[in-house]
Each structure stands twice: as C-alpha cells, then as structure tokens.
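Single-structure report; data block below.
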Amino acid sequence: MLEGKAEEIIDRNFMRKFDRKVDLIFTSPPYPLNRKKKYGNFSGQEYVDWLCAFGPLFKSLLNPKGSIVIEMGNSWEKGSPVMSTLALKSLLEFLERNELHLCQEFVWNNPAKLPSPAQWVNIKRNRVKDSFTKIWWMSPVKDPKADNRNVLVEYSDSMKKLLKRGSYNSGKRISQHNIGEKSFLTDNNGAISGSVLTYGNTVSSDSYLKYCREKNITPHPARMPYKLAEFFIKFLTKPDDLVYDPFGGSNLTGFAAESLDRYWISTEASKEYILGSMGRFENIFS
Ligand SMILES: C[S@@+](CC[C@H](N)C(=O)[O-])C[C@H]1O[C@@H](n2cnc3c(N)ncnc32)[C@H](O)[C@@H]1O
C-alpha cells in the first residue's frame with residue numbers, strides 16, 4: 001500500500017514502471033459532499049472535474065480487457081429533503097469524458113445501513129432510509145474479461161426442490177415463453193447472480209477493529225464489506241491478476257485480493273488509515 005494522493009503516485013510514473021498492467025481498478029472514491037470531511041472531499045463541479053481527471057490515469061494503467069469499478073453513495077442537498085444529482089453527474093461525466101463503456105450498473109443494497117439523512121428519516125419522517133449505493137462497472141472495451149460462473153449464488157429453495165424432483169411442467173407459458181423439457185434441470189452449482197448485491201456491513205472486520213483499538217488508531221469510517229470486493233474480484237479477474245484500489249482506505253480491496261490469490265496495489269492519502277489497514281493482514285502474514 002502506497003501512501004499519498006493517487007493522482008500524484010500514478011503521475012509520478014511510479015506505477016507505470018511495473019512490468020504488468022492492472023486487470024481491475026476497484027474503488028470507492030471519497031463521495032461528493034456538501035460539508036468537508038476529514039480527508040477534504042471536493043464538492044460541486046470541482047468534484048466532477050477532480051474525478052474525471054482520473055480517467056486518463058486509470059486507462060494508462062489498465063490491461064486492454066481490464067475493468068474499472070467505482071462504488072459511489074448518494075448525497076443530499078444541504079438543509080433540504082432533496083437528493084443531489086452530483087454522484088450521477090460525476091459518474092456520467094467520468095464515463096463520457098473518458099470514452100468508457102458502462103458494462104453494467106450494480107446496486108449495493110445495505111440492509112444494515114443506519115437511517116439517514118437523519119433530519120428527514122428520523123425526525124420529520126418524510127423520507128425512507130437511504131440504503132443503497134451505486135456501483136458502475138466500466139471499461140474502455142465493450143467486452144472486458146468477466147465470467148459470471150465465478151460468482152454464482154445459492155439456488156432458491158424452489159429451484160433446489162425442482163432439481164431434486166428432476167421434472168417440471170414444460171410447454172408454453174402465459175408469457176408466450178416456451179419452456180423446454182430439460183432447460184431448468186441442469187445443476188450449475190448455483191444461480192446466476194443479479195445486479196443488486198445485498199450485503200450488510202457488519203461482519204468480517206472484527207480483527208481489523210481489534211487491531212485499531214490495540215494500536216490506538218482511528219478505524220476507517222467508510223469501510224465496505226468484504227463480500228462486495230470479493231464479488232467483483234472473482235467476477236472480473238483470475239488468480240494472479242493485478243487489482244488496484246486508488247482510494248484504498250482500510251485496504252479492504254487489497255485484503256480481498258490477497259485472500260483470493262490476486263496481486264494488488266492500493267494507494268491511500270491518509271497515513272493513519274494505512275497504519276490501521278495492517279490489522280487486516282495480521283492473520284495472513286503471522
Ligand atoms: C470511501 S473511502 C474508501 C474506503 C475503502 N473502500 C474501505 O473499504 O476501507 C475513500 C478513501 O480515499 C482516500 N483519499 C481521498 N483522496 C485521495 C487521493 N487523492 N488519493 C488517495 N486516497 C485518497 C481517503 O483518505 C479515504 O480513505
């Protein structure tokens with residue numbers, strides 16, 4: 001994990017000296033905010049321009065069939081129960097200005113998210129919980145490397161029963177679909193995943209938090225769940241591929257890549273977050 005601003009580290013040519021290209025850039029940049037956070041997020045058009053400027057840098061690092069995956073939360077207008085369109089605008093401009101294709105949009109649904117924005121959700125009760133973030137999978141090519149067989153999900157109970165029974169009513173449905181006799185009887189060891197990914201953010205960082213507590217380090221306040229990084233790393237890369245997270249935070253991406261036998265690089269502006277991230281690797285390297 002390299003300390004410093006991603007734009008400077010990439011631009012210093014440091015990363016281009018590696019003799020291999022990156023297969024997946026998986027990241028969650030600082031969100032556009034109305035108030036400044038500790039790590040100094042930009043706001044408004046300044047944010048859009050800042051994010052877009054990463055496009056050429058990312059593309060210069062990427063394998064021809066590589067992917068860029070950006071997770072971005074919603075933001076709200078200051079003082080009113082109205083959503084800001086800045087996150088959408090940033091993603092759209094990032095895509096268009098950098099001539100990238102939107103391979104697929106995903107949603108990370110986080111049922112464990114605390115109610116927010118509190119003023120409207122808890123006090124005035126005129127909005128519901130803002131409980132998802134957008135994830136945009138982009139690439140310079142229309143058909144980057146990907147394999148949905150690597151991210152199969154458990155079959156539903158009814159599908160499990162059907163597979164056990166080994167038969168179902170074939171023929172024409174009201175929808176006019178013609179269901180063949182055997183179409184649903186092949187056991188593929190799981191169902192094809194949907195694009196809404198539901199993961200709570202409550203588990204898997206116990207040892208990280210313990211480490212931070214012991215070392216008196218402030219834990220990262222915006223950690224994503226392991227499952228989210230795992231999904232995209234397995235879906236879009238193979239073992240020994242290289243994964244890069246420019247806004248590494250607690251280095252969840254690096255930890256997931258390491259656990260899945262991929263190489264990884266992360267950059268992070270805050271030294272404290274880097275020090276904390278070492279807690280993720282205690283069990284791996286000790
Ligand atoms: C949303 S957090 C990432 C959290 C991470 N996905 C995790 O699970 O721990 C964004 C991170 O980007 C870092 N950051 C902000 N500007 C940066 C920059 N220009 N270069 C590198 N890191 C930056 C912040 O310090 C923050 O830790």
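A few comments on the model shown:
- Mean separation of Cα contacts under 8 Å, 6 or more apart, over the residue count of the chain: relative contact order %: 23
- Expressed in Å, the radius of gyration and Dmax of the Cα atoms of the chain are 21.0, 65.
- Less than 5 angstrom separates the built amide H of Thr267 from those of Leu2, Asp245, Phe247, Gly248, all sequence-distant by 5 or more or on a different chain.
- The alpha carbons of segment 119-198 stretch over 54, 38, 26 Å along the principal axes, in descending order.
- In this Cβ point-charge picture (+1 for Lys and Arg, -1 for Asp and Glu), the chain has a dipole of about 860 debye about its Cα centre.
- Distant-in-sequence amide contacts of Val69, defined by a placed amide H-H separation under 5 Å and a gap of 5 or more residues or a different chain, comprise Ile25, Phe26, Thr27, Met138.
- Nitroxide proxy distance, nm - points 7 Å out along Cα→Cβ at Asn188 and Leu152: 0.8
- Projected label points at Asp11 and Leu209, each 7 Å from Cα along the beta carbon direction, are separated by 3.8 nanometres.
- Enclosed volume per residue, in Å³, of the convex hull spanned by Cα atoms of segment 234-286: 67
- Overall form of segment 39-173 per C-alpha gyration tensor (a/c, 1.5; a/b vs b/c): oblate
- Nearest-20 debye value, segment 218-286 charge dipole, Cβ charges on Lys, Arg, Asp, Glu: 160
- Choice from Val121, Val48, Val69 with maximal GNM fluctuation in the chain (Cα, 10 Å cutoff): Val121
- Under 21 Å from Lys227, Cα to Cα: lysines that are on another chain or at least 8 residues apart: Lys113, Lys134, Lys145, Lys210, Lys238
- Difference of contour (0.36 nm per residue) and Cα-Cα distance, Lys164 to Lys238: 23.4 nm
- Relative exposure of Met278, Met159, judged by other C-beta atoms within 10 Å (fewest first): Met159, Met278
- Three-way shape label, segment 185-266, alpha-carbon gyration tensor, a/c 1.5: prolate
- Using the Cβ-Cβ distance between Arg173 and Met83 with R0 set to 45 Å, the FRET efficiency works out to roughly 0.70.
Every number in this text was worked out from the coordinates using simple rules, so none of it is lab data. Quick caveat, the model's predicted, so the values are computed rather than measured. Because the Cβ atoms are built from the backbone with ideal geometry, glycine has one as well, and the counts that use them run over all protein chains shown.
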